[in-house]
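Before any comments, here is the structure.
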Amino acid sequence: MSPDTTSITTGTTSTPTGTGLSPAPFGDDDPRMAFARAVSTARNVIGAVEPDQLDRPTPCDAFSVRDLLGHLTAVLRRVAVIGTGGSPFEVPDQVSDVDDERWAEAWTAAAHEVQRVWTDDALDRSVQVPWRTMSGREALGVYTCEVTVHTWDLARATGQRVAWDPLAVGAGEAAIRRELADEGRHEMFEAARAAMPTDAADWPDPFLAAVPVADDAPAIDRLVAFNGRRPEWAAP
């Protein structure tokens, strides 16, 4: 994952940045490719958040922009931990050790750790996500979805228009559709909570019920709707 230039649009100005992460070593059939592209897009959106936007609400109802930055960073750190065979619950749901002006730096550091630990061997061994055990390949697909959806949350909350990477969005949608049914998600996660460590008993449902959307809707709208978001959400 080497430095790359990715363009995002904020307001009416398209701004290239050189601090994203490029999946240059991987082929399109390697899940690390799509995941790295999702991480790169997220890095650019995170880097464009302004200090006066941190207390804004987001489409992820429980989180402000600041909270969402903390959760996204925790997600990426969690991906690194499970890549080593560790428990996802070793990382809290939200980090609290990052200053407001250093979110982009923290994101890049976590991405480099993911790169270090997700070797070829990690792809095919079993890893633990909060609700079940799956292969590393499956886990990276699901986390490609989560990173992309939360990046959408952040972009919507801060007024950014993003050039979404089609491989990352497509891989994320394919992975989450394999993992989740349209309905019955709460019951699925309730059963998972019953088997979790005691200190994880308050783990929230990570995915809400799917929201209907047109079959010909943009790919990013289909992805976020399947994850329980309303694509038309706008900051109040």
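The values are calculated or read from the model by the stated rules, or taken from the named source; none is laboratory data. Given the structure is predicted, the values throughout are model-derived calculations rather than measurements. In this analysis, Cβ positions are derived from the backbone assuming ideal geometry, glycine residues included, and neighbour counts consider all displayed protein chains. The protein model used for the area step is the full one, side chains on, heavy atoms only, and it has no ligands, DNA or RNA in it. Shrake-Rupley method; radii C 1.70, N 1.55, O 1.52, S 1.80 Å.
Val129 passes every criterion in (1) at pLDDT below 90; (2) over 28 Å from Gly47 (Cβ atoms); (3) open to solvent by less than 10 Å² (accessible area, probe 1.4 Å); (4) β-branched (Val, Ile, Thr) apart from (2).
Among the residues of the range 77-93, those that are under 18 Å from Trp118 (Cα atoms) and either open to solvent by 60 Å² or more (accessible area, probe 1.4 Å) or assigned to a helix (DSSP H, G or I) (or both) comprise Arg77, Arg78, Val79, Ala80, Val81, Ile82, Gly83, Thr84, Pro88, Glu90. A count restricted to the range 54-73 and to residues that are surrounded by fewer than 21 Cβ atoms within 10 Å (Cβ to Cβ) and either in contact with a strand residue (DSSP E or B) (Cβ under 6 Å, 6 or more places away or on another chain) or among the hydroxyl-bearing types (Ser, Thr, Tyr) (or both) stands at 2. For the subset of the range 138-184 comprising residues that are among the hydrophobic types (A, V, I, L, M, F, W, C) and in contact with an Asp or Glu (Cβ under 8 Å, 6 or more places away or on another chain), which member is most open to solvent (accessible area, probe 1.4 Å)? Filtering first and then ranking leaves Leu167.
Within the range 51-76, residues that are in a loop (DSSP other than H, G, I, E, B) and at pLDDT 95 or above sit with their Cβ atoms under 6 Å from residues that are among the hydroxyl-bearing types (Ser, Thr, Tyr) and open to solvent by 20 Å² or more (accessible area, probe 1.4 Å), at 6+ positions apart or across chains, in these pairs: Asp55/Ser64.
Would it be correct to say that Ser135 is open to solvent by 10 Å² or more (accessible area, probe 1.4 Å) and under 24 Å from Pro51 (Cα atoms)?
no
For the range 127-143, a residue qualifies if it is closer than 15 Å to Gly86 by Cβ and in a loop (DSSP other than H, G, I, E, B), and exactly one does: Pro130.
Return yes when Val98 is under 18 Å from Ile82 (Cα atoms) and in contact (Cβ under 8 Å) with a residue 12 or more places away in the chain and no when it is not. No, not satisfied. Residue pairs whose Cβ atoms lie under 6 Å apart, separated by 6 or more positions or on different chains, with the first residue in the range 130-158 and within 14 Å of Ala225 (Cα to Cα) and the second polar (S, T, N, Q) and surrounded by fewer than 23 Cβ atoms within 10 Å (Cβ to Cβ), do not occur.
Inclusion of Ser96 among residues that are of a type in the set (Gly, Ala, Ser) and at pLDDT 95 or above is not warranted. For the subset of the range 114-126 comprising residues that are open to solvent by less than 90 Å² (accessible area, probe 1.4 Å) and more than 16 Å from the chain's Cα centre (by Cα), which member is nearest to Gly141 (Cα to Cα)? Once the filter is applied, the top-ranked residue is Leu123. Per this entry, Ala42 is not counted among residues that are under 23 Å from Leu208 (Cβ atoms) and at pLDDT below 95.
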